[in-house]
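This report concerns only the one structure given below.
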There are 2 protein chains.
Amino acid sequence: MSSLFIPPPACLLRPLEVPHRYLFGPGPSNVSPRVQASGARQMIGHLHREMLEIMDDIKKGIQYAFQTQNSMTIAIRARVNTIVKLPGGYFTNEEIEQALYEHKPVLFFLTHGESSSGVVHPLDGIGELCHNQNCLFLVDAVASLGGSPIVMDKQGIDVLYTASQKVLSSPPGTAPISFSEGACKKIFNRKTKPVSFLLDMSWLANYWGCDGKPARMYHHTGPISGLFALRESLAALSEMGLEKSWTQHNKIAEHLHKGLESLGLKLFVQEKSLRLPTITTIAVPPGYDWREIIGYIMKHHNIEISGGLGSSSGMVLRIGLMGYNCNQANADMVLMALRDALKHCHKSKV
Amino acid sequence: MSSLFIPPPACLLRPLEVPHRYLFGPGPSNVSPRVQASGARQMIGHLHREMLEIMDDIKKGIQYAFQTQNSMTIAIRARVNTIVKLPGGYFTNEEIEQALYEHKPVLFFLTHGESSSGVVHPLDGIGELCHNQNCLFLVDAVASLGGSPIVMDKQGIDVLYTASQKVLSSPPGTAPISFSEGACKKIFNRKTKPVSFLLDMSWLANYWGCDGKPARMYHHTGPISGLFALRESLAALSEMGLEKSWTQHNKIAEHLHKGLESLGLKLFVQEKSLRLPTITTIAVPPGYDWREIIGYIMKHHNIEISGGLGSSSGMVLRIGLMGYNCNQANADMVLMALRDALKHCHKSKV
């Protein structure tokens, strides 16, 4: 076998090292022991009866978390891109109505939990405005679902999606998504073919048993471990109950905000009702270098917090306390770390 | 909180059940205890230094497994579609040369391990034929990599990909892929934009540190657990060594083939040198219903074997013994199960 000219790499002959970290940034979050355990389960076939049952559990769990009766509710493997423009506050329903009237879009897209600015956008009434203009209403709830109230069907949302690695506290890699009847009609009657077989919703609907057909066709091999984990995180949410989860995120956020203010820090979002409970944005304190603060906290406290993203870059620090991480002990830990950082990081004269 | 009208689903208040199964079909395969353990590790940030090191380990591991020096070597999250037409044998190099000359394609695509028919397609010399016609050579090694010799650079392959859930014995969800310099030139000089941001190779190249730029941009949140597992499975392959892995798959396949013939069964691929060592196809024995055999073996032996796929559907039974599953005890177990099935399944007069 002299044909091999690339030897086994030395780095792979060393054991895997995964340091312990408190992930209090905008995501991914730490996962619970229950979710960790599910990741260690042996494989089963991706179309075995038990696997299809687990997928059914997941569908039910998403329907509960989203508060929807849509049968077209699945978990796709997605790379959700959350780089969006900073909205500079929020839009009033009047402004949205005006824009819908002017532009007559087929789809109106709104980010519920804006993770770069820390704003939770109001949702009530917008679905109706959209439907009056024959427009679909799509909501990104990646950073908010489970932590801030969202009630898909009642709010007239046509497409709603989130991610596994935020409030659901699963490993990244799956994205719950649900489609209303109106959205399905649009999708299944499209005249141009989907650009990619892998995101062809009619195949995905069949794979997830959403199309009413008895047989499942082989479309792709689903991420079995990822689905075990998603199932367990939805089960944890079901056991706790959505309302309690919302209350908990709200309570911990308020505790955190109070603590931050008593450290002399300023919250980036002024209006209380617009503050996203899952991810808190703090104005970078004058005279400090945000990179130094973040680096100090990681180095001395093993805690990840994060800087801004996109247009909030350089302006904010971001603390995420989501799902499994959302409790008072963690809030106190990050407050203590921040106090320590403010004391030890270099403060230039301004 | 009277706004909730969908209660927590009862199915999620029951524990997760994952039955033990021997996965001896065409994939996914069972995973090793080492890979299982990696799935239970806590999250770290997707851009933490340690995570980038793990991604570097993976790149090195893929370069070793593929036998390539390409720097553009990454693991994407993919749904690899392996539904292809049954080639009815294989193509000679003369036939390929003739076709390249006639059609002058920009890309020639070949499946190395054809998992539906159980054929391993010869590769030597084809890269040169392609390059003579200014054509790129793309090879699907989903079902063969690690089990049957493939030496990317020496064989002049421009794009090579495989999947995590076959010989690598990781959970499904990641797909190692590598691009030659010629393929990179083609990709990065394309005039039309990629149809999808998520598969934009210039972003992916940056995320995996293949573009030589010092800073990693936020493109997507990588599947952290999936990458832990892929790292561990590539480490296991590095420890064993590619040559030993090829020899082992060959040895076990021969042992299995001999056993099958002594049961009176006929191998679907007649020519020995064309038999894929990872997945064995057996002609459905006359008088038997293939569904009944598969169902019997699953029910009484907890073993998954599979029927055909696409144009081999109804014609073959398929046994996969790959990676962690590839040993003599497993081969003997599936032979015993088949003997039992042939005895107990209904045999109609033909």
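The values are calculated or read from the model by the stated rules, or taken from the named source; none is laboratory data. Note that the structure is a prediction, hence the values are computed from the model and not measured. We place every Cβ from the backbone using ideal geometry, glycine too, and count neighbours over all the protein chains shown. For accessibility, only protein heavy atoms count, side chains too; no ligands or nucleic acids. Shrake-Rupley method; radii C 1.70, N 1.55, O 1.52, S 1.80 Å.
Examine segment A:318-326 for a residue that is among the aromatic types (Phe, Trp, Tyr) and farther than 22 Å from A:Pro28 by Cβ, and state whether such a residue exists. Even if it seems obvious, please write down each step before you answer.
Within segment A:318-326, the first condition is being among the aromatic types (Phe, Trp, Tyr), and the residues that meet it are A:324.
Retained after the next criterion (residues that are farther than 22 Å from A:Pro28 by Cβ): none.
There is no residue in segment A:318-326 that is among the aromatic types (Phe, Trp, Tyr) and farther than 22 Å from A:Pro28 by Cβ.
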Quiz item: Among the candidates A:Gly125, A:Gly118, which residue alone is touching a Lys or Arg at 6+ places or on another chain (Cβ under 9 Å) and of a type outside the set (Asp, Glu)?
Solution: A:Gly118
Exercise. Could you tell me whether A:Ile303 is touching a Gly at 6+ places or on another chain (Cβ under 7 Å) and within 23 Å of A:Asp332 (Cα to Cα)?
Key: no
Practice problem: Would you list the strands (runs of 3 or more DSSP E) that sit entirely within segment B:107-181 and hold 3 or more residues that are more than 13 Å from chain A (Cβ to nearest Cβ), open to solvent by 10 Å² or more (accessible area, probe 1.4 Å) and farther than 19 Å from A:Pro8 by Cβ? | Solution: B:107-111
Quiz item: For the subset of segment A:19-39 comprising residues that are open to solvent by 30 Å² or more (accessible area, probe 1.4 Å) and within 7 Å of chain B (Cβ to nearest Cβ), which member is farthest from B:Glu53 (Cα to Cα)?
Solution: A:Ala37
Quiz item: Of all residues in segment A:219-241, which are over 13 Å from A:Val35 (Cβ atoms), open to solvent by 10 Å² or more (accessible area, probe 1.4 Å) and touching a residue at least 12 places away in the same chain (Cβ under 8 Å)?
Solution: A:Thr221, A:Pro223
Quiz item: Are any residues in segment B:238-279 touching a Lys or Arg at 6+ places or on another chain (Cβ under 8 Å) and of a type in the set (Val, Ile, Thr), and if so, which ones?
Solution: B:Val269, B:Thr278, B:Ile279
Quiz item: Just a yes or no: is a residue in segment B:62-70 under 21 Å from the mean Cα position of the chain (by Cα), among the aromatic types (Phe, Trp, Tyr) and outside any helix (DSSP H, G or I)?
Solution: no
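Mind checking which residues of segment B:40-57 are part of a loop (DSSP other than H, G, I, E, B) and more than 8 Å from chain A (Cβ to nearest Cβ)? Lay out the reasoning, then the answer.
Filtering segment B:40-57 for residues part of a loop (DSSP other than H, G, I, E, B) gives B:40-48.
Across segment B:40-57, the qualifying residue is only B:Leu47.
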Quiz item: What is the one condition in (1) surrounded by fewer than 22 Cβ atoms within 10 Å (Cβ to Cβ); (2) more than 18 Å from A:Lys60 (Cβ to Cβ); (3) in contact with a strand residue (DSSP E or B) (Cβ under 9 Å, 6 or more places away or on another chain) that A:Pro214 does not satisfy?
Solution: (3)
Quiz item: Out of segment A:182-215, which residues are within 14 Å of chain B (Cβ to nearest Cβ) and among the aliphatic types (A, V, I, L, M)?
Solution: A:Val195, A:Leu198, A:Leu199, A:Met201, A:Leu204, A:Ala215
Quiz item: Among the residues of segment A:91-100, is any at pLDDT 90 or above and among the charged types (D, E, K, R)?
Solution: yes
Self-check item: Long-range neighbours under 9 Å by Cβ, at least six apart or interchain, first residue over 26 Å from A:Gln248 (Cβ atoms) within segment A:278-290, second of a type in the set (Ser, Thr, Tyr)
Solution: A:Gly287/A:Ser348; A:Tyr288/A:Ser348; A:Asp289/A:Ser348
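Looking at B:Lys272, B:Lys343, B:Lys258, B:Lys244 in this structure, which one is without any contact (Cβ under 8 Å) to a residue 40 or more places away in the chain and within 26 Å of B:Pro171 (Cβ to Cβ)?
Details: B:Lys272 fails: within 26 Å of B:Pro171 (Cβ to Cβ); B:Lys343 fails: within 26 Å of B:Pro171 (Cβ to Cβ); B:Lys258 fails: within 26 Å of B:Pro171 (Cβ to Cβ).
B:Lys244 is the lone residue from the list that is without any contact (Cβ under 8 Å) to a residue 40 or more places away in the chain and within 26 Å of B:Pro171 (Cβ to Cβ).
Select from segment A:58-67 the residues that are at the interface with another protein chain (Cβ under 7 Å from one of its Cβ atoms), open to solvent by less than 20 Å² (accessible area, probe 1.4 Å) and not small (Gly, Ala, Ser) and list them in ascending order.
Within segment A:58-67, the first condition is being at the interface with another protein chain (Cβ under 7 Å from one of its Cβ atoms), and the residues that meet it are A:60-61, A:63-64, A:67.
Next, only the ones that are open to solvent by less than 20 Å² (accessible area, probe 1.4 Å) stay: A:61, A:64, A:67.
Selection gives A:Tyr64, A:Gln67.
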Quiz item: Which of the residues spanning segment A:266-281 are in a strand (DSSP E or B) and under 19 Å from A:Pro28 (Cα atoms)?
Solution: A:Ile279, A:Thr280, A:Thr281
Exercise. Being more than 7 Å from chain B (Cβ to nearest Cβ) and closer than 24 Å to B:His46 by Cα is the filter; apply it to segment A:1-18 and report the residue that is most open to solvent (accessible area, probe 1.4 Å).
Key: A:Arg14
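Go through segment B:307-325 and report how many residues are more than 17 Å from B:Phe268 (Cβ to Cβ) and either open to solvent by 10 Å² or more (accessible area, probe 1.4 Å) or not in a helix (DSSP H, G or I) (or both).
Here is the first cut: in segment B:307-325, the residues more than 17 Å from B:Phe268 (Cβ to Cβ) are B:322-325.
This time we only want the ones that are either open to solvent by 10 Å² or more (accessible area, probe 1.4 Å) or not in a helix (DSSP H, G or I) (or both), so: B:322-324.
Counting residues in segment B:307-325 that are more than 17 Å from B:Phe268 (Cβ to Cβ) and either open to solvent by 10 Å² or more (accessible area, probe 1.4 Å) or not in a helix (DSSP H, G or I) (or both) gives 3.
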Practice problem: Provide a single number: the residues in segment A:219-241 that are more than 7 Å from every other protein chain (Cβ to nearest Cβ) and hydroxyl-bearing (Ser, Thr, Tyr). | Solution: 1
Quiz prompt | segment A:291-320 - residue that is free of Cβ contacts under 8 Å to residues at least 24 places away in the same chain and touching a Leu at 6+ places or on another chain (Cβ under 8 Å) and, of those, farthest from A:Glu243 (Cα to Cα) | solution = A:Ile294
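Say whether the condition of being assigned to a loop (DSSP other than H, G, I, E, B) and more than 24 Å from A:Thr92 (Cα to Cα) is met by at least one residue in segment A:251-264. Explain how you work it out, then say what you get.
Applying the first criterion (assigned to a loop (DSSP other than H, G, I, E, B)) to segment A:251-264 yields A:263-264.
Adding the requirement that they be more than 24 Å from A:Thr92 (Cα to Cα) leaves A:263-264.
Scanning segment A:251-264, I find at least one residue that is assigned to a loop (DSSP other than H, G, I, E, B) and more than 24 Å from A:Thr92 (Cα to Cα), so the answer is yes.
Residue-by-condition table, conditions (1) closer than 20 Å to A:Leu16 by Cα; (2) assigned to a helix (DSSP H, G or I):
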| site | (1), (2) |
| --- | --- |
| B:Cys210 | no, no |
| B:His219 | no, no |
| B:Ala235 | yes, yes |
| B:Lys244 | no, yes |
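Can you tell me which of A:Leu129, A:Leu145, A:Leu199, A:Leu136 is under 19 Å from A:Trp246 (Cβ atoms) and of a type in the set (A, V, I, L, M)?
Values: A:Leu129 fails: under 19 Å from A:Trp246 (Cβ atoms); A:Leu199 fails: under 19 Å from A:Trp246 (Cβ atoms); A:Leu136 fails: under 19 Å from A:Trp246 (Cβ atoms).
Sole residue among the options that is under 19 Å from A:Trp246 (Cβ atoms) and of a type in the set (A, V, I, L, M): A:Leu145.
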Self-check item: Pick from segment B:326-350, criterion within 25 Å of the chain's Cα centre (by Cα) and not hydrophobic (A, V, I, L, M, F, W, C), ranking: surrounded by the most Cβ atoms within 10 Å (Cβ to Cβ)
Solution: B:Asn330
